[in-house]
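*Asks:* Quick one: the structure is below, and I'll ask about it shortly.
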Amino acid sequence: MPSATYRTLLRTPGAAAFFLTATVARTGIAMSSLGIIWLVHGRTGSYAVAGLVTGAFAVAEAVVGPQLARLFDRFSQTRVLPLILLAHATAVGTLLAPVENDNPHWLMTVAGALAGATIPQLGALSAARWSALLSGDRAASLPTAFALESLANGLCYLTGPALVTAVGSSSDPAYGMVLATALVVGGGLAFAAQRRTAPATSGAAERKHAGRSLLRPGFAVLVGVNLTLGVYFGAMQVSVTAFAVELGAPDTAAPLYAVSNCASLLAGWLYGLRRWRATPQRQLALVTTGLTLSTLPLLVADSVPTLAAALAVTGLTIPPILVLSSTLTTTSVHRAALTQAFAWLASASAAGSAGAAALSGRAVDAHGAHAGFAIAAAATAAMAVLAVAHARAGTRGSTPGLYLKSS
């Protein structure tokens, strides 16, 4: 069944402007963590200190992100975002100062946390704009819009790290962090300037009702799906690298990641070009089950080609999961809390990835790379259980109401 095309979506008045500016800012966001590693390691010579500062950045971003999203929902994106961007630029300056002046490591860590706490969730803001722009009769085009968002995010996380690595390795590492911040602030300000596509704010009574919708079981399942997806990502990051090292071919780790990423980009592009007959709940159950089955070859892979083939198959399932999570969020959460909801999904994924990276590292040290793959497989199995239960609840008629259509 044909769906809206990416071209027709971007021809919607105001859509191309906010989408492209958000993509610029997200490229900077994708550069930030690695930029901190290059910066801190280049000045201290310690990966441990660089990891500590980057970890503080990631934890602060995951914890504070949903709270910032609440401000966006309450006071509007156009009013709050410039202030957040100013705070982020100041925080990065605060990070550069102690690193350049060789201040104590704890001060660098605090500065890293401030930078993470003030980085805006441009993905959540852009998704909220699509939801507002395509509400009502155009709601059927939302999956295509979220597929477009998934493509943009994938491209940002392919080009951003490569760009900051090129800058950090060929010149002063501080330049990479400065470039990342310039993209975040410049793209973010241009995004905030697109006023006509910004979602309207709601009254106090509506916001109170909206906050309760974040506690609904349907949305809790989606948070769980993204949490387990983050566990999968974190476990795979450690395990693929460990697998390549165990085979005596560490240089193959980067091509292996590229295989998975390219498969994901292809799947995301193709998924958004179709309008599927099955309900989103049923699609999510099928795709997560498919991901679980596709992780089983990882447990017995014994060569780079077999692992590459398995990673390509698993990569095909990731974009539909992300798109369906966003689509179901718009029908599970009140429109006045959508930015918060999207931010909670991102935070859940980040928390799962951080925890899994530590757990998988210990498992790989003790039992080898396949132990890390087993953690990833277990996470996908838990994800499938949640998705199947969600689909069954929808079949029984307990799926949350369609807030976007009823508001």
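The values are calculated or read from the model by the stated rules, or taken from the named source; none is laboratory data. Computed from a predicted structure; not experimentally measured. Cβ sites come from the backbone with ideal geometry, for glycine too, and all protein chains shown count toward neighbours.
*Asks:* From (1) crowded, with 19+ Cβ neighbours inside 10 Å; (2) under 21 Å from Leu133 (Cβ atoms); (3) not aromatic (Phe, Trp, Tyr), pick out the condition that doesn't hold for Val225.
*Replies:* The failed condition is (2).
*Asks:* With the structure loaded, tell me whether Leu20 is in contact (Cβ under 8 Å) with a residue 12 or more places away in the chain and either over 16 Å from the mean Cα position of the chain (by Cα) or part of a helix (DSSP H, G or I) (or both) or whether it fails that test. Steps first, please.
*Replies:* On the way: in contact (Cβ under 8 Å) with a residue 12 or more places away in the chain: no; either over 16 Å from the mean Cα position of the chain (by Cα) or part of a helix (DSSP H, G or I) (or both): yes.
No, not satisfied.
*Asks:* Taking Tyr47, is it surrounded by fewer than 22 Cβ atoms within 10 Å (Cβ to Cβ), of a type in the set (Phe, Trp, Tyr) and more than 22 Å from the chain's Cα centre (by Cα)?
*Replies:* Details: surrounded by fewer than 22 Cβ atoms within 10 Å (Cβ to Cβ): yes; of a type in the set (Phe, Trp, Tyr): yes; more than 22 Å from the chain's Cα centre (by Cα): yes.
Yes.
*Asks:* Inspect the stretch 89-98 for any residue being under 25 Å from Ala358 (Cβ atoms), surrounded by fewer than 20 Cβ atoms within 10 Å (Cβ to Cβ), out of contact with any His (no Cβ under 6 Å at 6 or more places or on another chain) and free of Cβ contacts under 8 Å to residues at least 60 places away in the same chain and give the result as yes or no.
*Replies:* No - not one qualifying residue is present in the stretch 89-98.
*Asks:* Show the residue pairs that are 6+ apart or on different chains and have beta-carbon atoms under 6 Å apart, the first residue being within the stretch 330-341 and among the hydroxyl-bearing types (Ser, Thr, Tyr), the second being assigned to a helix (DSSP H, G or I) and surrounded by 24 or more Cβ atoms within 10 Å (Cβ to Cβ).
*Replies:* Pairs that qualify, where the first residue is among the hydroxyl-bearing types (Ser, Thr, Tyr) and the partner is assigned to a helix (DSSP H, G or I) and surrounded by 24 or more Cβ atoms within 10 Å (Cβ to Cβ), are Thr330/Ser131; Thr339/Ala69; Thr339/Phe72; Thr339/Asp73; Thr339/Ala124; Thr339/Ala128.
*Asks:* Further, regarding this structure: Residue check, Pro120 against (1) outside any helix (DSSP H, G or I); (2) farther than 23 Å from Ser347 by Cβ, all met but one. Which one?
*Replies:* (2)
*Asks:* Output the residues belonging to the stretch 353-370 that are crowded, with 24+ Cβ neighbours inside 10 Å and within 26 Å of Ala152 (Cα to Cα). Reasoning before the result, please.
*Replies:* Step one: filter the stretch 353-370 for residues crowded, with 24+ Cβ neighbours inside 10 Å, giving 356, 360.
Scanning the stretch 353-370 gives a single hit, Ala356.
*Asks:* Suppose we filter Ala389, Ala382 for residues that are part of a helix (DSSP H, G or I) and over 27 Å from Val59 (Cα atoms); which single one remains?
*Replies:* From the options Ala389, Ala382, the qualifying one is Ala389.
*Asks:* Within the stretch 53-77, which residues are at pLDDT below 85 and more than 14 Å from Val92 (Cα to Cα)? Before you say what the answer is, go through the steps one by one.
*Replies:* Applying the first criterion (at pLDDT below 85) to the stretch 53-77 yields 54-55.
Scanning the stretch 53-77 gives a single hit, Gly55.
*Asks:* For the stretch 356-368, state whether one or more residues are closer than 21 Å to Thr314 by Cα, among the hydrophobic types (A, V, I, L, M, F, W, C) and over 21 Å from the mean Cα position of the chain (by Cα).
*Replies:* Scanning the stretch 356-368 turns up at least one residue that is closer than 21 Å to Thr314 by Cα, among the hydrophobic types (A, V, I, L, M, F, W, C) and over 21 Å from the mean Cα position of the chain (by Cα).
*Asks:* If you check Gly65 against the conditions, is it part of a helix (DSSP H, G or I), out of contact with any Phe, Trp or Tyr (no Cβ under 9 Å at 6 or more places or on another chain) and within 30 Å of Ala357 (Cβ to Cβ)?
*Replies:* On the way: part of a helix (DSSP H, G or I): yes; out of contact with any Phe, Trp or Tyr (no Cβ under 9 Å at 6 or more places or on another chain): no; within 30 Å of Ala357 (Cβ to Cβ): yes.
Answer is no for this residue.
*Asks:* If you don't mind, there's one more thing I want to ask. Given the criteria modelled with pLDDT under 95 and not acidic (Asp, Glu), does Ala382 qualify? It would help to see each step written out before you state the result.
*Replies:* Numbers: modelled with pLDDT under 95: no; not acidic (Asp, Glu): yes.
So Ala382 does not fit the description; no.
*Asks:* What are the pairs, 6+ residues apart or on separate chains, where a residue within the stretch 231-252 that is free of Cβ contacts under 8 Å to residues at least 60 places away in the same chain has its Cβ under 8 Å from a residue that is part of a loop (DSSP other than H, G, I, E, B)?
*Replies:* Cβ pairs passing all conditions: Leu247/Ser303.
*Asks:* Something else now. Within the stretch 268-281, work out how many residues are surrounded by 21 or more Cβ atoms within 10 Å (Cβ to Cβ) and over 17 Å from the mean Cα position of the chain (by Cα).
*Replies:* Going residue by residue through the stretch 268-281, those that are surrounded by 21 or more Cβ atoms within 10 Å (Cβ to Cβ) are 268, 271-272, 280-281.
Remaining after also requiring over 17 Å from the mean Cα position of the chain (by Cα): 271-272, 280-281.
The number of residues fulfilling the criteria is 4.
*Asks:* Follow-up question, since we're still on this one. Inspect all residues belonging to the stretch 19-27 and state whether any of them is touching a Pro at 6+ places or on another chain (Cβ under 9 Å) and of a type in the set (Phe, Trp, Tyr).
*Replies:* Step one: filter the stretch 19-27 for residues touching a Pro at 6+ places or on another chain (Cβ under 9 Å), giving 25.
Narrowing further to those that are of a type in the set (Phe, Trp, Tyr): none.
Checked against the condition, which is being touching a Pro at 6+ places or on another chain (Cβ under 9 Å) and of a type in the set (Phe, Trp, Tyr), the stretch 19-27 yields no hits at all.
*Asks:* If you don't mind, another one. Scan the stretch 293-307 and give yes if some residue there is over 26 Å from Asp251 (Cα atoms) and either touching a Lys or Arg at 6+ places or on another chain (Cβ under 7 Å) or not aromatic (Phe, Trp, Tyr) (or both), otherwise no.
*Replies:* Step one: filter the stretch 293-307 for residues over 26 Å from Asp251 (Cα atoms), giving 293.
Still in the list and also either touching a Lys or Arg at 6+ places or on another chain (Cβ under 7 Å) or not aromatic (Phe, Trp, Tyr) (or both): 293.
Yes, the conditions are met somewhere in the stretch 293-307.
*Asks:* Answer with yes or no whether Ala200 is within 19 Å of Leu68 (Cα to Cα), in a helix (DSSP H, G or I) and aliphatic (A, V, I, L, M). Spell out how you get there, then give the answer.
*Replies:* Numbers: within 19 Å of Leu68 (Cα to Cα): yes; in a helix (DSSP H, G or I): no; aliphatic (A, V, I, L, M): yes.
Answer is no for this residue.
*Asks:* Can we say Thr94 is over 23 Å from the mean Cα position of the chain (by Cα) and either of a type in the set (Val, Ile, Thr) or not in a helix (DSSP H, G or I) (or both)? Step through it out loud before you land on a result.
*Replies:* Numbers: over 23 Å from the mean Cα position of the chain (by Cα): yes; either of a type in the set (Val, Ile, Thr) or not in a helix (DSSP H, G or I) (or both): yes.
In short, yes.
*Asks:* I'd like the residue in the stretch 155-180 that is closer than 30 Å to Ile321 by Cα and surrounded by 20 or more Cβ atoms within 10 Å (Cβ to Cβ) and, out of all such residues, is modelled with the highest pLDDT. Explain how you work it out, then say what you get.
*Replies:* Residues of the stretch 155-180 that are closer than 30 Å to Ile321 by Cα, as a first pass: 155-165, 180.
Filter again for surrounded by 20 or more Cβ atoms within 10 Å (Cβ to Cβ), leaving 156, 160, 163-164, 180.
Working: Cys156: 90, Gly160: 87, Leu163: 88, Val164: 86, Ala180: 94.
Applying the filter and picking the extreme gives Ala180.
*Asks:* Follow-up. Which one is nearest to the chain's Cα centre (by Cα), of the residues in the stretch 156-171 that are free of Cβ contacts under 8 Å to residues at least 12 places away in the same chain and part of a helix (DSSP H, G or I)? Can you show your working first?
*Replies:* The first filter runs over the stretch 156-171 and keeps only residues free of Cβ contacts under 8 Å to residues at least 12 places away in the same chain, leaving 162, 166, 170-171.
So of that shortlist, the ones also part of a helix (DSSP H, G or I) come out as 162, 166, 170.
On the way: Ala162: 18, Ala166: 23, Ser170: 28 Å.
Here the answer is Ala162.
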